[in-house]
Amino acid sequence: MPVQKSIFVFGTNMHSKIMNFLGHLFLSGNNEKILCGNFIGDYVKGNKHNSYPIEIQKGILLHRSIDTYTDNNKHWKALRDLLKPIYGLYAGVVADLFIDYVLAVNWNNFSEISLDWFAKWAYAALLHNYNNLPYRVKEFLPYLIQHRRLQSYASIYGIETSLKIMSLRTSLPDCTTKAIQLLQTDNALIQNNGMAFLEEISIKFGKIE
């Protein structure tokens, strides 16, 4: 029986669920359980969040609020529209990944701790809450940690690797070469929109006063 591919959606529209975790984790604050809930938010549907501990519920609901805000942000929409000629309906998937790239590259503008330190803390927090993770998340978390996926977003090679994985494991079209060419040729435009989005969402969710 062939393995069926699926595209995991991050938000109310077609956003990626499998590779663009950094932004959600960054917006989770310092509470490990809220971070855990934000991390698993796409895997907990409807009112199933009520079965989780209160702090994890808060993280799941935070995840949904972030998704709603993202879907309506003009800078995120600009990135999505830039990618539409390549990815069509899946442009939002890659727009999300590009946002994580911009965040990783400019991490020191948003945090006083290094990206590597933050990533290691996030990995440890997720492992501490391993029993609360949905089965599908338990399956890929070791790979995410082993390959330092959060840190990898800071390089174009890391984004290329993520896109290749997504095209193999989900229904995302394999347009990696074109996407990376766009990231390189229009990097300033992508950086400008990404930074504007990150500044606005950071204010919205309390990361910047």
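The values are calculated or read from the model by the stated rules, or taken from the named source; none is laboratory data. Model, not experiment: these values are computed from the prediction. Glycine also receives a Cβ, built like all others from the backbone with ideal geometry; neighbour counts cover every protein chain displayed.
Of note:
- Out of Lys48, Lys58, one residue alone is charged (D, E, K, R), more than 12 Å from Ala125 (Cβ to Cβ) and free of Cβ contacts under 8 Å to residues at least 12 places away in the same chain. It is Lys48.
- The helices (runs of 4 or more DSSP H) found wholly in the range 15-93 and carrying at least 1 residues that are crowded, with 24+ Cβ neighbours inside 10 Å and of a type in the set (Phe, Trp, Tyr) occupy 22-26, 32-40, 74-87.
- Taken over the range 68-103, residues that are acidic (Asp, Glu) and in contact with a Ser or Thr (Cβ under 7 Å, 6 or more places away or on another chain) amount to 2.
- Of His63, His75, His128, all but one fail to be closer than 15 Å to Phe21 by Cβ and of a type outside the set (Gly, Ala, Ser); the exception is His63.
- Matching helices (runs of 4 or more DSSP H) fully within the range 122-209 where at least 2 residues are modelled with pLDDT of 95 or more, within 30 Å of Asn50 (Cα to Cα) and touching a His at 6+ places or on another chain (Cβ under 8 Å): none
- Matching entry among Leu172, Leu150, Leu183, Leu141 (being in contact (Cβ under 8 Å) with a residue 40 or more places away in the chain, buried (at least 16 other Cβ atoms within 10 Å of the Cβ) and closer than 22 Å to Ser28 by Cα): Leu150
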